[in-house]
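Working notes, beginning with the structure itself.
What follows draws every value from the coordinates through simple rules; no lab data is involved. If you're wondering where the values come from, they're calculated on a predicted model, not measured in any experiment. Every residue, glycine among them, receives a Cβ derived from its backbone with ideal geometry; neighbour counts consider all protein chains shown.
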Amino acid sequence: MFRILTRGIALFFGLFAACNALANLVRPGLGGNGWWIELPCMHPFAQDLLLFSSGILLFLYGLFPSMTRGRRSLTACVAACLAGASAWNAGQVWMLAYRGRIEMGFPVPFSIPVTAALAGVFWASLRNSTRPKARCEAGYVVLAALGVAVLFPLAQMFCYGKTDYRRHADVAVVLGARAYADGSPSQALYDRVQTAADLYKGGFVSRLILSGGPGDGPWHETDVMRRLAVDMGVPDGCILADREGMNTSATTQHTAELFSKLNATKVLVVSHAYHLPRVKLSYQRLGIQVYTVPARESHLLSQLPRFMAREVAALWYYWLGLARA
């Protein structure tokens, strides 16, 4: 079982790393390796080359575990180096939290499970045997890799999504949620606007951009959001609205145009924790660095499990570049 699991992990991370690195080599910023690892003190081009070659080695181990002594040593070395870099990433996150630069809503950085997974691959590759494999083992390895592909975004939602990166910025974008036909906000919408209003009143930003689409009835999401923000103490003149924010992709594209008009170079984005990894990815694809702030929930969303399950599929959909405004 351990062998199958570690091969599945190697298959997933190998394919993911190689695809992201190749995408970055074709167009800088297109790949998503920053989701799971940062290699310290390396030029981005060298980092992409290293992650591409490392990804190929891990992928090959996942598919073809019977290796020569040289490939086994090289695979183990790659897994150990990546595990070490990931552990260093975790230390950096804890250091930022200790210094008060970020606020962790979940005590374990995403890099910790990544480190454990790569350490498992390192150990398994060293102990790799050449015994005959069961004919069905490859199928179990693929299933293990698919399991990792589900756990990966879920861990992102908890570890990254719940981390508050607030800092002084030019503007905060608030992503919309359901507005009811009578003009009342859903709990999700209320919590997002409340968090953004707190950012304004705390002096972190001087403007809010409210982005959303049509509500259940005559009330547009952004109209409900504006009314809420004003009631919470944000001057109406400090609020801009993106009324075409039908989905995450549309919001990122339309607000990017507003950033240019406002000369905004530092941006905060407010949404719920489960949504923020996809928001970060969507802005990254446009070459825009944003800092995410999870909405402070007044109480747990009743449909949170459904939202998170949907977000797993949506995150991979966006990563594949299939999302359109």
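For segment 165-319, just say rounded, prolate or oblate: build the C-alpha gyration tensor, square-root its eigenvalues into a ≥ b ≥ c, call rounded for a/c under 1.5, and beyond that prolate if a/b exceeds b/c, oblate if not. Since a/c stays below 1.5, the shape of segment 165-319 is classed as rounded.
Rounded to the nearest 5, what % of the DSSP beta bridges within the chain are antiparallel ones?
On the way: 4 of 21 bridges.
So the antiparallel bridges amount to about 20 percent of the total.
In the chain, the calculated helix contribution to ellipticity at 222 nm averages -19000 deg cm²/dmol per residue, counting -39,500 (n - 2.57) for every DSSP H run with n ≥ 4.
Between beta-carbons, use under 9 Å as the cut-off and find the net charge around residue 239, counting Lys and Arg +1, Asp and Glu -1.
On the way: positive: 207, 226; negative: 236.
Here the charged neighbours net out to +1.
What number comes out for the charge environment of residue 58, summing +1 per Lys or Arg and -1 per Asp or Glu over other residues with Cβ under 13 Å away? Could you put the intermediate results ahead of the total?
Values: positive: 7, 71, 72; negative: none.
Net charge around residue 58: +3.
Computed from point charges on the beta carbon alone (+1 for Lys and Arg, -1 for Asp and Glu), the dipole magnitude for the chain about its Cα centre is near 1320 Debye. Summary of the geometry: segment 250-282 and segment 63-106, compared by the centres of their Cα atoms, lie 29 Å apart.
Considering only 155, 66, 205, and ranking their Cα positions along the charge dipole of the chain that arises from unit charges at the beta-carbon of Lys, Arg, Asp and Glu, the one farthest toward the positive end is 66.
Counting lysine pairs in the chain that sit 8 or more residues apart in sequence, or on different chains, and whose Cα atoms lie under 28 Å apart gives 8. Taking Cα centre as origin and charging only the Cβ of basic (Lys, Arg, +1) and acidic (Asp, Glu, -1) residues, the dipole magnitude of segment 2-159 rounds to 600 debye. The value of relative contact order for segment 2-159, using C-alpha pairs under 8 Å at least six residues apart, is 36 percent.
For segment 165-319, a crude dipole built from +1 on the beta carbon of Lys and Arg and -1 on the beta carbon of Asp and Glu, taken about the Cα centre, is about 500 debye to the nearest 20. Dividing the mean sequence gap of close Cα pairs (under 8 Å, 6+ apart) by how many residues the chain holds gives a relative contact order of 17 percent. Think of the chain as a dipole: +1 on every Lys or Arg Cβ, -1 on every Asp or Glu Cβ, centred on the Cα centre; then among 43, 232, 5, 5 lies furthest on the positive end.
May I ask you to list the trypsin sites (Lys or Arg not before Pro) in segment 74-182 that are in a DSSP loop and have at most 16 other Cβ atoms within 10 Å of their Cβ?
Numbers: sites: 99, 101, 127, 133, 135, 162, 166, 167, 178; in loops: 99, 101, 127, 133, 135, 162, 166, 167, 178.
For trypsin sites (Lys or Arg not before Pro) across segment 74-182 that sit outside H, G, I, E and B with at most 16 neighbouring Cβ atoms in 10 Å, the list reads 99, 101, 127, 133, 135, 167, 178.
The residue list 96, 120, 181 was ranked by how far each Cα lies along the charge dipole of segment 96-185 toward its positive end, using unit charges on Cβ atoms, and 120 comes out on top. The H on the amide N of residue 173, modeled in the peptide plane, is under 5 Å from the matching H of 209, 268, 269, 270, each at least 5 residues off or on a different chain.
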